[in-house]
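Colleague: The structure that follows is given in the form of structure tokens.
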Amino acid sequence: MCWECDHPESSHQDSLDHLQGLIDRFGWAVVGVEGDGVHPPWAYTLGLTPLRTPELVVTGLPVPRATWLLNEVGLYVLETAVPRPGDEIRVEGGPLIEVVRVAQPSAHLLTAVEFYGPGVQALQLVYADDSDNWPWDAGFRGGMGGQPVLGPRAKTSAIRPGQ
């Protein structure tokens, strides 16, 4: 459930204030968008832009799992390095991911655009299935309703957080 859904008496501004409070406390927040039966769920960070870092987004995972993944990679980004499009990252306790630059962040990161303007940049964490197949592979099995890839693929290198 979303914060606004859990607090129907609250205004949109109350929701934005809640998100800003999370950013102030933790460094960033995660905005989750539930799937609707036609479109898969997606989630993204909010708060990395002021740190001169692209926001992160993941599609096709349930919001709690996406939140976990975004928080893991967000911590890596702030403590270690910003991955480049094409980088592969093996997340401890999570999937193999490949980084894709989001072609039109304003189409999916609506709250980030509301906070920071239309120039928001984003990187998608595209995850492989349990057999290390990618969404662009014929054998891919994973994601709730699929895993839309929001930009062009740029294969470059493999990195391993924590190693």
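Colleague: Can you find a residue that is more than 25 Å from Asp36 (Cα to Cα), surrounded by fewer than 17 Cβ atoms within 10 Å (Cβ to Cβ) and either β-branched (Val, Ile, Thr) or at pLDDT 95 or above (or both) anywhere in the range 145-159?
Modeller: Yes, some residue in the range 145-159 is more than 25 Å from Asp36 (Cα to Cα), surrounded by fewer than 17 Cβ atoms within 10 Å (Cβ to Cβ) and either β-branched (Val, Ile, Thr) or at pLDDT 95 or above (or both).
Colleague: If the requirement is being under 18 Å from Pro148 (Cα atoms) and surrounded by fewer than 17 Cβ atoms within 10 Å (Cβ to Cβ), which of these qualifies: Ser106, Ser131?
Modeller: Ser106
Colleague: Can you tell me which residues in the range 25-38 are modelled with pLDDT of 90 or more and of a type in the set (A, V, I, L, M, F, W, C)?
Modeller: Phe26, Trp28, Ala29, Val30, Val31
Colleague: To continue, here is another question. I'd like to verify a number: residues in the range 1-45 that are under 28 Å from Gly146 (Cα atoms) and either among the polar types (S, T, N, Q) or more than 19 Å from the chain's Cα centre (by Cα) (or both), how many?
Modeller: 6
Colleague: If you check Val120 against the conditions, is it touching a Leu at 6+ places or on another chain (Cβ under 7 Å) and part of a loop (DSSP other than H, G, I, E, B)? Spell out how you get there, then give the answer.
Modeller: Working: touching a Leu at 6+ places or on another chain (Cβ under 7 Å): yes; part of a loop (DSSP other than H, G, I, E, B): yes.
So Val120 fits the description; yes.
Colleague: Sticking with this one: Only one of (1) more than 11 Å from Trp28 (Cβ to Cβ); (2) in contact (Cβ under 8 Å) with a residue 40 or more places away in the chain is not met by Leu96, so which one is it?
Modeller: Condition (2) is where Leu96 drops out.
Colleague: Quick one: which residue in Pro41, Pro54, Pro118 is closer than 30 Å to Asp6 by Cα, at pLDDT 95 or above and touching a helix residue (DSSP H, G or I) at 6+ places or on another chain (Cβ under 9 Å)?
Modeller: Exactly one of Pro41, Pro54, Pro118 is closer than 30 Å to Asp6 by Cα, at pLDDT 95 or above and touching a helix residue (DSSP H, G or I) at 6+ places or on another chain (Cβ under 9 Å), namely Pro54.
Colleague: Something else about it: Among the listed residues Leu56, Leu48, Leu78, which satisfies the condition of being touching a residue at least 12 places away in the same chain (Cβ under 8 Å), within 15 Å of the chain's Cα centre (by Cα) and within 17 Å of Gln147 (Cα to Cα)?
Modeller: Only one candidate qualifies: Leu56.
Colleague: So, one more: Can you tell me which residues in the range 99-115 are touching a residue at least 40 places away in the same chain (Cβ under 8 Å) and either in contact with a helix residue (DSSP H, G or I) (Cβ under 6 Å, 6 or more places away or on another chain) or in a strand (DSSP E or B) (or both)?
Modeller: Val100, Arg101, listed by residue number.
The values are calculated or read from the model by the stated rules, or taken from the named source; none is laboratory data. Only a predicted model underlies this, so the values are computations on that prediction, with no experimental measurement involved. Glycine also receives a Cβ, built like all others from the backbone with ideal geometry; neighbour counts cover every protein chain displayed.
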